[in-house]
Amino acid sequence: MDIPSKYNALSVEKKWYNYWMENNYFHSTPDDREPYTIVIPPPNVTGVLHMGHMLNNTIQDVLIRRARLLGKNACWVPGTDHASIATEAKVVAKLKSEGIDKNDLSRDEFLKHAWDWTEEYGGVILEQLKKLGCSCDWDRTKFTMDDDMSEAVIKVFVDLYNKGLIYRGYRMVNWDPEAKTTLSDEEVEYIEKQGKLYYVNYKIEGSDETLTIATTRPETILGDTAICINPNDPRHTNLKGKKAIVPISNRIVPIIEDDYVDVEFGTGCLKVTPAHDENDKVLGDKHQLEVIDIFNEDATLNSFGLHYEGQDRFVVRKAIVKELEVLGQIQKIEDYNNRVGISERTKAIIEPRLSDQWFLKMEDLVKPAIKAVLQDDDVKLFPKKFENTYRHWMENIRDWNISRQLLWGQQIPAYYYGDGKEDFVVAESLEDALVLAKDKSSNPALEPSNLTQDSDALDTWFSSWLWPMSVFDGIRNPENEEVKYYYPTNDLVTGPDILFFWVARMIIAGYEYKDQKPFENVYLTGLVRDKQRRKMSKSLGNSPDALKLIEEYGADGVRVGLLLSSAAGNDLLFDEGLCQQGKQFANKIWNAFRLIKGWEIDDSLEQPNSSSIAVEWYEAKFQKVMLEIEDHFSKYRLSDALMAMYKLIYDDFCGWFLEMIKPGYQQPIDVKTLNAAIALLEDNLKILHPFMPFLTEEIWQLITSRTANEALIISKWPTSKAINKDLIDEFDFVSEVISGIRNVRKQKNIANKDAIGFSVVNHENVKPTFDEVITKMGNLESFEYVTEAVDGALTYRVKSNEYFIPMEGNIDVDVEIKKLTDELNYTEGFLKSVQKKLSNERFVNNAPEQVVASEKKKEADALAKIETIKASLASLSV
């Protein structure tokens, strides 16, 4: 079989991915095997592959491919999320560019545009995942807006409503004025923003007195309906029972008393704007204050904004301050650091807004999910430190605002039949709703046309929290064969940023609808950062193009590069140089394979003892490392598992084993050794396959002709055997002996082809197991055990063993003596300077402990070196 001299990643990747797809290796159906299931965290349907996706999905593919090799029925379910806010924003922007206003379209017309957009751009990211090598069961690909998935969402809404857990309430919500929708508390990020604190004077009705309030939002003054003071504040007893005049609007409002006002903070007078602050709303309800909403849905001012109507809130802020200054009502302005809520999606500053919304009661729903993670250990978080984050969120949970003022998403299944606040029913279909509405209204004459469905859509997370169940149709058909086989799933790999948004809610839903956990383990990956620890972003220009990386380094190289990136806390510091290292690793393995396949075979040759022991040693070393790898996998330390394999294959297999068994120049190899080498190479390929699937499959298929049933992807993980630890320990020592010979050859310019003599004083009582290996790898013409130092020879030590290489004929003795003498003089001078420092009590007592330890190590190293040089000089001077 013709083996190319160079590994061509791009052609190999395309070839084998197509082969895997054609042979349906990724597909899973229930059978007698143990299932191993992962559901993909569904990326946004119109998203493209970025470094976070690359890391997350590489890890999932490593886990799923390993499970396949372990003989499990591996099922990795892919899919995408409809991402209501993000997708609707893109569709609206596209329509705008075509001169179409969303508000001029009916719901059905807009949804047609949204589906067209989704069909045109959706699923691109899944195709990109294929280039990374992801072995998902593509036949199972789901979309959160698929008909069956939407049915499940509506079914759950109706069920929770009927259980009394979903309710409609007039509440202060987080309003995103850019997306024009509400957000749940978890969809709001908080940032520190440098702003101003404005001190504004309000006149007191019927007097010349004034009071002063401090606000960061002077534009909301137009919505003030009271001033509040603490009844126990002696500074403001004169204000009790009086009324204040709101600047600009000249509205007269009461001065109310409430101990909510902190007497230690600010002026002690609080402006109360119930429509635009959550705490003010509580005060307003308590004191039955008027509610004046001054904003439109896009955060421009409405008619209550008077002459500022139609202007943006931040434009008004500047203008209103100027007007107040003209009126002489600004007392002072201070710089102020403010904590501001912004939309996670659009980054717009959140506006608190009163609105009729749908909420899900969470207090009782979360209890099984808290118990599962924090008490029973049924669901394990890796790293464990995230349990504290989980605890904080779950124990301080608020009701979930599940309605969104969007069109793209599952429409809330509430149907209104009258003008009253309670004139609605909740049902899975219009037909069911009509039956319920007739009964509730006592009006049998109601027609479908009399019912109007709620225009809001459900929060995207309200569909994705069902993901591990709904992908197996576990909500609509809870007893079906698939959900009973695949659920609970095994591992979930996702980011800590959605631990509450998604992970916690899936656990809640799992216990509510299956009375079971949705998965056993949650592996929370960190953010991918650059070498400077900065978050990768388009604006910083530090986020590489994922597909270009694959083109340049190959998918295997990128996968290795990602997993070798050093951890920074839980985050990953990505270095493109590691992708190059991954590519070089692939080339190293490729060249090792070509070396083995290039050896001529002589059937008549007996296996040399050096090769026999080499095979035995590598088998032991492989088993030892495999045990380490198993431990790393059990703790989700995939980078450590890969590094253990990297060292095993790069150092032990390529660096030592192949050198031990390699036949002499233009000499053949015996069959037994070659077969053993190929078997060991195959074991290497099996454990490396989850990390480097393309390279390993290519080599596997080139080793010998294989049928579709013999592909590497479905082969068997190597079996564990007893480990010969003594042999491993012996070679650890022997490798230093061989390295010593190589160092001497290098230092003295003795060619590797020139055989040399070799003697040892064996103080360590090292067994002769590897003597033939040392003889072969050191190209020794003789190997003697002696009891005393050998004259006229260079020496080096490994522990207490002394090794001697005769110099006669190999070097100029006089030149070597001079060189060693110079080296001895320098080392003795260095030793004196170190010892002088260590004899200084002030230095020893005051210097940091690690600095003193470092100096002591220098002293010990210098003493050992002097002893070796003197021994070499003594042997040369005889």
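The values are calculated or read from the model by the stated rules, or taken from the named source; none is laboratory data. Not measured: the values here are computed from a predicted model. As a convention, Cβ positions derive from the backbone with ideal geometry for all residues, glycine included, and neighbour counts pool all protein chains shown. Heavy atoms of the whole protein, side chains included, go into the accessibility calculation; ligands, DNA and RNA do not. Shrake-Rupley method; radii C 1.70, N 1.55, O 1.52, S 1.80 Å.
Which residue, 206, 169, 183, has the largest displacement toward the positive end of the dipole of the stretch 162-214 when charges sit on each Cβ (Lys, Arg +1; Asp, Glu -1)?
Checked the options; the winner is 169.
Kindly list the residues of the stretch 86-110 that lie in the label zone of residue 178, defined by a backbone N under 19 Å from the point 7 Å along the Cα-to-C-beta vector.
Counting only backbone N, you get 86-97, 102.
Taking the Cα centroid of the stretch 495-545 and of the stretch 588-654, what is the distance between the two, rounded to the nearest whole Å?
Between the Cα centre of the stretch 495-545 and that of the stretch 588-654, the gap is 36 Å.
Could you work out how far apart the two model spin labels at residue 849 and residue 870 are, taking each label as a point 7 Å from the Cα in the direction of the beta carbon, and quote it in nm?
3.3
Given a Förster distance of 25 Å, report the FRET efficiency between residue 29 and residue 719 from their Cβ-Cβ distance, rounded to the nearest 0.05.
E(calc), rounded to 0.05, equals 0.40.
Calculate, for residue 146 and residue 783, the FRET efficiency according to 1/(1 + (r/R0)^6) with r their C-beta to C-beta distance and R0 60 Å; round to the nearest 0.05.
The formula returns an efficiency of 0.25 here.
Residue by residue through the stretch 402-411, which ³J(HN,Hα) values in whole Hz follow from phi under the Karplus form 6.51 cos²θ - 1.76 cosθ + 1.60 (θ = phi - 60°), with glycine and proline marked x?
With coefficients 6.51, -1.76 and 1.60, one gets 9, 9, 10, 8, 10, 9, 7, x, 6, 6 Hz.
Any chance you could look up the accessible area of residue 101 with a 1.4 Å probe, heavy atoms only, rounded to 10 Å²?
The accessible area of residue 101 comes to roughly 70 Å².
Each residue of the stretch 191-207 in turn: what ³J(HN,Hα) in whole Hz from Karplus with 6.51, -1.76, 1.60 and θ = phi - 60°, glycine and Pro shown as x?
Computed from phi, the couplings for the stretch 191-207 are 10, 7, 10, 6, x, 10, 10, 9, 9, 10, 8, 10, 6, 9, 4, x, 8 Hz.
Given the rule -39500 (n - 2.57) for each run of at least 4 DSSP H residues, summed and divided by the residues of the chain, what is its mean residue ellipticity at 222 nm, to the nearest 500 deg cm²/dmol?
-13500 deg cm²/dmol
Could you pull out every residue, at least 5 positions away or on a different chain, whose amide H is within less than 5 Å of the one on residue 802? Hs are placed 1.01 Å off N in the peptide plane, and Pro or chain starts have none.
Result for residue 802 returns 761, 763.
Could you tell me which of 639, 866, 238 has its Cα farthest along the dipole of the chain towards the positive end, charges placed at Cβ (Lys, Arg +1; Asp, Glu -1), taken about the Cα centre?
The one lying farthest along the dipole's positive direction is 866.
Could you state the number of Å between the C-alpha centres of the stretch 1-57 and the stretch 417-473?
For the stretch 417-473 versus the stretch 1-57, the Cα centre distance is 41 Å.
Suppose every Lys and Arg Cβ carries +1 and every Asp and Glu Cβ carries -1, with no other charges. What dipole size does the chain come out with about its Cα centre, to the nearest 20 debye?
With Lys and Arg at +1 and Asp and Glu at -1, about 1960 debye.
Using amide H atoms built in the peptide plane, which far-off residues or other-chain residues are under 5 Å from residue 493 H to H?
Counting only residues 5 or more places away or on other chains, the set is 523.
Which length gain, in nm to one decimal place, applies between residue 107 and residue 498 when the Cα-Cα distance is subtracted from 0.36 nm times their residue separation?
137.7 nm is the gain from fully extending residue 107 to residue 498.
Take every Cα pair under 8 Å in the stretch 288-431 that's 6+ residues apart, average their separations, divide by the length, and report that relative contact order as a whole percent.
In percent, rounded to a whole number, it is 13.
By how many nm would the segment from residue 440 to residue 813 lengthen if fully extended, with 0.36 nm per residue of separation less the alpha-carbon distance?
Contour length minus Cα-Cα distance gives 123.2 nm.
Amide H of residue 40: which non-local residues (sequence gap of 5 or more, or other chain) have their own amide H closer than 5 Å, using H built in the peptide plane?
Excluding prolines and chain starts, which carry no amide H, the hits are 77.
Between residue 319 and residue 704, what is the label-point separation in nm under the 7 Å Cα-to-beta-carbon projection?
Label at residue 704, label at residue 319, 8.4 nm between them.
For the stretch 222-250 and the stretch 171-191, what is the centre-to-centre distance using only Cα atoms, to the nearest Å?
Their Cα centres are 30 Å away from one another.
Between beta-carbons, use under 11 Å as the cut-off and find the net charge around residue 578, counting Lys and Arg +1, Asp and Glu -1.
Charge balance in the 11 Å sphere: +1.
Taking the dipole about the Cα centre of the chain, with the C-beta of Lys and Arg at +1 and of Asp and Glu at -1, give me whichever of 100, 263, 289 is farthest to the positive side.
Value computed over the given set: 263.
Could you report the accessible area of residue 646 in Å², rounded to 10, computed with a 1.4 Å probe on the protein chains as they sit in the structure?
Roll a 1.4 Å probe over it and residue 646 shows about 30 Å².
Rounded to the nearest 0.05, what FRET efficiency do residue 121 and residue 332 have when you use their Cβ-Cβ distance and R0 = 51 Å?
After rounding to 0.05, the efficiency reads 0.45.
Report, to the nearest 10°, how far helix 671-688 tilts away from the longest principal axis of the Cα atoms in the chain, using its own Cα long axis and a range of 0 to 90°.
It works out to around 20 degrees.
Could you grab the relative contact order for the chain? Cα pairs under 8 Å, six or more apart, rounded to a whole percent.
Value for the chain: 12 percent.
Relative to the longest principal axis of the chain, what angle (0 to 90°, nearest 10) does the C-alpha long axis of helix 313-326 take?
60
Quick one: what are the phi-derived ³J(HN,Hα) couplings along the stretch 209-225, Karplus 6.51/-1.76/1.60 with θ = phi - 60°, whole Hz, x for glycine and proline?
6, 9, 10, 10, 10, 10, 9, 8, 10, x, 5, 7, 3, 5, x, 5, 10
Any idea of residue 442's accessible area? Nearest 10 Å², probe 1.4 Å.
For residue 442, the solvent-accessible surface is approximately 100 Å².
Modelled label-to-label distance, residue 97 and residue 278, 7 Å Cα→beta-carbon offset: nm?
Distance between the two pseudo-spin positions: 3.7 nm.
Any idea what angle helix 849-877 forms with the longest principal axis of the chain, computed on alpha-carbon atoms, 0 to 90 degrees, nearest 10?
With both axes taken from Cα atoms, the answer is about 20 degrees.
Any chance you could run the full-extension gain for residue 484 through residue 287? It's 0.36 nm times the residue separation minus the Cα-Cα distance, nm to one decimal. Can you show the working numbers first?
On the way: separation 197, 0.36 × 197 = 70.92 nm, distance 5.50 nm.
In short, 65.4 nm is gained.
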